[in-house]
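Report on the structure given below.
The values are calculated or read from the model by the stated rules, or taken from the named source; none is laboratory data. Note that the structure is predicted; figures quoted are calculated from it, not measured. Please note: Cβ atoms are built from the backbone with ideal geometry, for glycine as well, and neighbour counts cover all protein chains shown. Accessible surface areas use protein heavy atoms only, side chains included; no ligands, DNA or RNA. Shrake-Rupley method; radii C 1.70, N 1.55, O 1.52, S 1.80 Å.
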Amino acid sequence: WRGMIYGITNRLAWSANDDARSIWKVWDDFGIQQTDMIGYWSPNCPVKTTNDKVLATVYKKNGTALISIASWAAEDTEVQLQINWKALGINPANAVIEAPAVANFQPARTFTPGDKIPVQKNKGWLLVLKNK
């Protein structure tokens with residue numbers, strides 16, 4: 001989770017329990033090669049969270065975004081996304097936030113703007129923000 005906010009994953013066969021291929025598939029399905037990465041450290045990052053211990057990095061492309069959030073919070077928490085809709089070119093009235101199922105990483109889940117998103121300690125989410 002934490003690596004994704006820097007654009008990295010674990011290496012294939014890093015350990016017996018780690019296999020990044022399912023995350024790479026999300027990247028391929030989303031078309032991450034055609035995105036602009038805007039890290040949490042940038043003042044221009046169009047997505048922040050309501051908890052300064054849960055960081056967000058955005059992979060932006062035409063009218064959609066892959067958002068990686070990762071937690072450094074001391075305990076499980078909930079966050080809301082603070083989104084600069086204009087910067088992303090997405091209409092909030094039409095938006096949906098989908099967490100694709102990723103083996104050994106996250107279950108599939110759908111959120112709407114304004115929802116509280118549960119974030120486990122030391123974990124995070126890969127979220128696709130797009131128009132319905």
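Figures for the structure shown
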read-out: Long-range neighbours under 6 Å by Cβ, at least six apart or interchain, first residue closer than 23 Å to P118 by Cβ within the range 81-102, second surrounded by 14 or more Cβ atoms within 10 Å (Cβ to Cβ) and charged (D, E, K, R); value: Q82/K48; A99/R109
read-out: From G124, G63, G114, residue being surrounded by fewer than 20 Cβ atoms within 10 Å (Cβ to Cβ) and within 22 Å of G39 (Cβ to Cβ); value: G63
read-out: All positions within the range 42-94 that are touching a strand residue (DSSP E or B) at 6+ places or on another chain (Cβ under 7 Å) and among the small types (G, A, S); value: A56, G63, A65, S68, A70, S71, A73
read-out: Residue list for the range 39-60, filter: open to solvent by less than 30 Å² (accessible area, probe 1.4 Å) and either touching a helix residue (DSSP H, G or I) at 6+ places or on another chain (Cβ under 8 Å) or outside any loop (DSSP other than H, G, I, E, B) (or both); value: G39, P46, V47, T49, V54, A56, T57, V58, Y59
read-out: Selection count, the range 82-111, where residues are touching a Pro at 6+ places or on another chain (Cβ under 7 Å) and either open to solvent by 10 Å² or more (accessible area, probe 1.4 Å) or in a loop (DSSP other than H, G, I, E, B) (or both); value: 7
read-out: Near pairs, Cβ below 6 angstrom, 6+ apart or cross-chain, from the range 45-61 (modelled with pLDDT of 95 or more) to any residue that is part of a loop (DSSP other than H, G, I, E, B) and open to solvent by 30 Å² or more (accessible area, probe 1.4 Å); value: P46/N84; T50/Q80; K53/W72; L55/Y40; A56/Y40; T57/Y40
